[in-house]
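To start, the structure itself, in C-alpha cells.
Every number in this text was worked out from the coordinates using simple rules, so none of it is lab data. On a predicted model such as this, the values are computed, not experimentally measured, just so you know. Cβ atoms come from the backbone with ideal geometry, glycine included; neighbour counts cover every protein chain shown.
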C-alpha cells in the first residue's frame, strides 16, 4: 500500500508514474453511483501527471455520470504472466477532484487525443477529469507492497 505523505522518496513516484503511463496498456476504471450500482470500463488513456494526479478524457457516458454522483474510483492495470503468481499490476484508487466540459483544458486534451487516436476519438471526448491518487495497492496483495508488483 502507498500512503501519500511528505516523507515519500523521489524514486518511488518516478517508478509509479513510468509504470502507470507505459504504453501500450489498458486498464479497467471501476466506478459506482450514489446507490452503489457498479460500472467498469476499459480505458487506455489515463495519464499520471505526478504521483498524486491522474488525468483522462471521458465521453458523455455511464462512467462520467457515476463520477458526478460518487467521485471515488479505482483504475486497475493488469499484465499477464506465465502463472497467476507471475501476473503484474496495480490498483490505483482515485478521487475525482474536478472536471471540465468546456474551455482550454478540454480543447488541449482533444488536440492531444487527435494526434494519437485520430479526430473521431477526439470528438467523443466530452470532459477532461482530474483525479487525486488516494492509494496504490498491488494487483495481487500478499503483503509485498505495490513496488514489488510491477
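What the Cα atoms of the chain give is an Rg and a Dmax of 15.6, 47 Å. Across the alpha-carbon atoms of the range 18-68, the computed radius of gyration and Dmax are 12.0, 35 angstrom. Working from Cα pairs under 8 Å separated by at least six residues, relative contact order for the chain is 27 percent.
Placing R0 at 35 angstrom, the Cβ-Cβ distance between residue 79 and residue 108 gives a FRET efficiency of 0.70 after rounding to 0.05.
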